[in-house]
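See below for the structure under consideration.
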Amino acid sequence: MSDALARVLAARPRSEKQQVRRAALYAALVAVASVALLALSGWFLTAAALAAGAGTALAFNYMLPSAAIRLFAIVRTGARYGERLASHDAALSAIARVRPALFAALAATPVARALSLSTGAASTRLVQDAGAVETALVLRSGTVGGAAAILSGLALVALAGPLAVLGVMGVAALLMAVSWALSRQLEDSGRAVLREAEWLKAQTAALVEGSAELRCYALEDWAVARIVDGGTALAAAQQRDSDVRAAIEVASPVAIGVGAALALVLAAPHGAAIAALAALAAAMALDGLAPAIRHVTQAHAARAAYARLGALLDEAPPATLPAVSLEPDLVLYGRAIAPPARIALRGVSGSGKTSLVERLVGLRPAIAGEVSLGGVDIALLPASTLRAAFAWLPQDAALLAGTVRDILVLGRADAPEAAVWEALEDAAFADRVRAMPHGLDSWIGDNGASLSGGERRRLALARAYLKPAPWLLLDEPTEGLDTATAQTVIARLDDRLRRHGQGLLIVSHAPLALVLDGEITPASPPAAADHHSVLFVA
């Protein structure tokens with residue numbers, strides 16, 4: 001397990017530690033009560049039958065054994081409920097720390113790493129891998145229960161002599177060894193299942209997203225064939241995994257039968273009642289190993305999940321440092337600018353305009369000497385300081401699933417209603433929102449599915465307007481808009497800049513009817529050898 005994941009799991013509150021201890025105690029009580037219940041029942045029935053056959057039934061004490069049997073049954077039922085409750089509570093408490101840490105790590109993943117992580121892989125980390133960790137945590141009390149079952153079972157089998165004890169111990173050791181060996185195979189089979197599941201999820205998401213193009217080019221059959229191939233590969237991997245799990249499941253009842261028979265034979269010289277007690281104690285002791293076997297099995301199966309989650313957490317950049325308060329003055333490629341300056345970032349496609357914008361908001365490693373903010377090279381500043389300085393409209397703005405209001409308040413959570421409508425007016429989107437059934441509270445779907453491309457653009461622009469920052473950083477703000485709407489957006493942008501005194505850095509290939517103070521063309525990045533001195537704080 002990685003250090004980062006271990007730290008997340010170890011940072012547990014006192015209540016969770018208490019629940020872990022309770023789960024272990026309850027598991028031990030379940031095991032001891034189960035062994036004692038079955039063993040005493042076997043002895044009681046056999047002894048009672050022998051007493052009846054010998055004509056001494058009236059002298060046989062039925063009350064004490066039957067009361068003990070009832071007591072063990074009550075203890076087992078109550079302890080089993082308590083163990084489930086405590087173990088799940090502790091596991092859910094732990095996973096409640098793991099999932100936010102994973103999401104934070106995914107959100108903070110450097111661009112190069114994020115681009116290599118498919119949607120299927122990301123969802124697998126948050127759902128399946130985290131679920132595997134949760135299951136392993138739930139089952140960790142099984143080790144204590146298994147130990148208690150074996151010890152209590154052997155204590156009762158000892159009434160039949162040392163040979164019976166050695167025989168049951170040998171069967172138990174063999175069962176654990178076989179289960180351990182088989183569970184090692186679950187690492188490979190589980191890894192294969194997750195790999196195929198990731199591929200299938202990613203392919204399905206990509207093909208669904210491109211369904212319109214697939215229809216236009218008559219590629220539906222090709223797409224279906226890819227999904228079928230992925231589903232077949234996943235089914236094959238799941239079958240191999242199921243075969244290993246089935247072998248583990250078969251090993252336990254076989255061992256129970258062998259252990260009980262062996263104890264019965266070795267205990268026979270001590271009388272039928274003791275033989276019945278030893279046989280059933282052995283059977284229940286071996287059956288009590290089932291939780292421990294499940295824990296071992298899940299631990300091996302979850303090893304790959306632990307590795308993937310640990311790698312993700314280890315690769316996450318350091319926690320964001322508090323924002324540093326600086327003057328909003330910029331020096332960009334040697335040119336000093338300050339709000340309310342309006343600067344266009346020009347250059348042919350691929351010249352690095354968007355990359356520069358992403359460096360300005362801390363999404364890419366800064367290049368030393370390229371830009372300074374408030375007299376400090378941005379390569380030395382935390383991302384929180386950069387993001388406080390810029391209200392950003394990305395080239396491909398994403399809208400989370402939610403209402404219009406949900407999207408807008410991401411720019412400013414405490415924005416008053418008047419400021420929200422002002423931003424919408426300035427983005428030429430207010431009339432569209434008023435026409436919606438529920439206004440600001442209208443649901444727009446995943447990534448603005450109910451909106452057109454131009455409407456999504458203007459909503460994202462309004463979100464940028466709402467953020468209180470000295471600079472507006474707009475990447476292709478009129479992309480996807482018709483000429484009339486684009487002109488309206490630019491005219492209202494001009495008016496907004498005059499009202500609020502913000503500076504503007506704008507990237508656009510379209511001609512803009514906007515008075516600018518100058519243009520800057522991004523310079524080519526320095527050679528890789530010059531990057532060693534850059535300190536990038538995420």
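The values are calculated or read from the model by the stated rules, or taken from the named source; none is laboratory data. It should be emphasised that the depicted structure is a prediction, and the values quoted were computed from it without experimental measurement. Note that each Cβ is placed from the backbone with ideal geometry, even for glycine, and that neighbours are counted across all protein chains shown.
Checking Leu493 against (1) at pLDDT 90 or above; (2) aliphatic (A, V, I, L, M); (3) touching a Lys or Arg at 6+ places or on another chain (Cβ under 8 Å), which test does it fail?
Of the numbered conditions (1) at pLDDT 90 or above; (2) aliphatic (A, V, I, L, M); (3) touching a Lys or Arg at 6+ places or on another chain (Cβ under 8 Å), the odd one out for Leu493 is (3).
Can you say whether Ala233 is under 29 Å from Val193 (Cβ atoms), of a type in the set (Gly, Ala, Ser) and assigned by TED's automatic domain parsing to the domain that holds Ser183, as far as the supplied structure shows? Don't jump to the end; show me each part of the working.
Working: under 29 Å from Val193 (Cβ atoms): yes; of a type in the set (Gly, Ala, Ser): yes; assigned by TED's automatic domain parsing to the domain that holds Ser183: yes.
When the stated conditions are applied, Ala233 passes them.
Can you pull out the residues in the stretch 371-389 that are touching a Pro at 6+ places or on another chain (Cβ under 8 Å), at negative phi and not in a helix (DSSP H, G or I)?
If the condition is that a residue be touching a Pro at 6+ places or on another chain (Cβ under 8 Å), at negative phi and not in a helix (DSSP H, G or I), then Leu373, Pro382 are the ones that fit.
Of all residues in the stretch 357-397 being within 23 Å of Arg346 (Cβ to Cβ) and among the β-branched types (Val, Ile, Thr), which is surrounded by the most Cβ atoms within 10 Å (Cβ to Cβ)?
So the residue we want is Ile378.
Condition check: over 30 Å from the mean Cα position of the chain (by Cα), among the hydrophobic types (A, V, I, L, M, F, W, C), under 28 Å from Pro511 (Cα atoms) and surrounded by fewer than 16 Cβ atoms within 10 Å (Cβ to Cβ). Does Val348 satisfy that? I'd like the intermediate steps shown before the answer.
On the way: over 30 Å from the mean Cα position of the chain (by Cα): yes; among the hydrophobic types (A, V, I, L, M, F, W, C): yes; under 28 Å from Pro511 (Cα atoms): yes; surrounded by fewer than 16 Cβ atoms within 10 Å (Cβ to Cβ): yes.
Here the answer is yes, as Val348 does meet what is asked.
Of the residues Gly480, Gly448, Gly454, only one is among the small types (Gly, Ala, Ser) and in a helix (DSSP H, G or I); which? Talk me through it step by step, then tell me what you get.
Working: Gly480 fails: in a helix (DSSP H, G or I); Gly448 fails: in a helix (DSSP H, G or I).
From the options Gly480, Gly448, Gly454, the qualifying one is Gly454.
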